[in-house]
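Note sheet for the following structure.
The values are calculated or read from the model by the stated rules, or taken from the named source; none is laboratory data. Please read these numbers as outputs of a predicted model, since none were measured by experiment. Here Cβ is always computed from backbone atoms with ideal geometry, including for glycine, and neighbour counts include all displayed protein chains. Note: accessible area is taken over every heavy atom of the protein model, side chains too, but ligands, DNA and RNA are not part of it. Shrake-Rupley method; radii C 1.70, N 1.55, O 1.52, S 1.80 Å.
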Amino acid sequence: KTVSDICRDHGISQPTFYQWKSKYSWMDVHQLKRMKGLEHELSQYKKIVAEQALAITVLKDVIEKKL
């Protein structure tokens with residue numbers, strides 16, 4: 001298949017294809033799956049940290065209003 005056929009099949013542009021190719025071409029399937037899992041885990045940790053930061057801010061506001 002040509003690059004344009006692959007891009008059309010997956011609904012991406014050719015520059016996107018070449019960016020992904022330069023970024024991921026050296027990895028095998030196992031490495032890509034592991035990286036995807038790590039990215040998912042990192043996003044979960046970021047969400048937890050954001051929720052905790054919000055809770056701390058709210059608690060500080062409540063304490064300041066009581067004093």
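Net charge near M27, counting Lys/Arg +1 and Asp/Glu -1 over other residues with Cβ under 14 Å of its Cβ?
The answer is +3.
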Original post:
At R34 and R8, where each label point lies 7 Å from the Cα along Cα→Cβ, what is the point-to-point distance in nanometres?
Top reply: 3.8 nm
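Give the residue list of chymotrypsin sites (Phe, Trp or Tyr not before Pro) in the chain that are DSSP loop and have at most 15 other beta-carbon atoms within 10 angstrom.
Passing sites in the chain are W26.
Measuring with a 1.4 Å probe in the full set of protein chains, what accessible area per residue, in whole Å², belongs to the chain? Each step should come with its number before you reach the end.
On the way: 6270 Å² over 67 residues.
Value for the chain: 94 Å² per residue.
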Original post:
For the stretch 44-51, what does the Karplus curve 6.51 cos²θ - 1.76 cosθ + 1.60, with θ = phi - 60°, yield as ³J(HN,Hα) per residue in whole Hz, taken in order and with x for Gly and Pro?
Top reply: 5, 5, 4, 5, 4, 5, 5, 5
Original post:
Taking only Cα atoms, what is the 0 to 90° angle, nearest 10, from helix 14-24's long axis to the longest principal axis of the chain?
Top reply: 70 degrees
**OP:** Among [x] 43, 27, 17; [y] 46, 18, 15; [z] 70, 25, 17, find the value of Cα extents along the principal axes in Å that was calculated from the structure presented, and write down its label.
**Re:** [z]
Original post:
What is the sum of charges around E41, taking Lys and Arg as +1, Asp and Glu as -1, for the other residues whose C-beta is under 15 Å from the C-beta of E41?
Top reply: +4
**OP:** With the full set of protein chains in place, find how many percent of the accessible area of the chain is carbon and sulfur; take the probe as 1.4 Å.
**Re:** 61 percent
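Where does the charge balance sit around A53 when Lys and Arg score +1, Asp and Glu -1, over other residues with C-beta under 12 Å from its C-beta?
Values: positive: K46, K47, K60; negative: E51.
Overall, the nearby charge balance is +2.
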Original post:
Near K60, which aspartates and glutamates are there with a Cα under 19 Å away, not counting those fewer than 8 places off in the same chain?
Top reply: E51
**OP:** Only helical DSSP H runs with n ≥ 4 go in: add -39500 (n - 2.57) per run for the chain, normalise by residue count and round the 222 nm mean residue ellipticity to 500 deg cm²/dmol.
**Re:** -29000 deg cm²/dmol
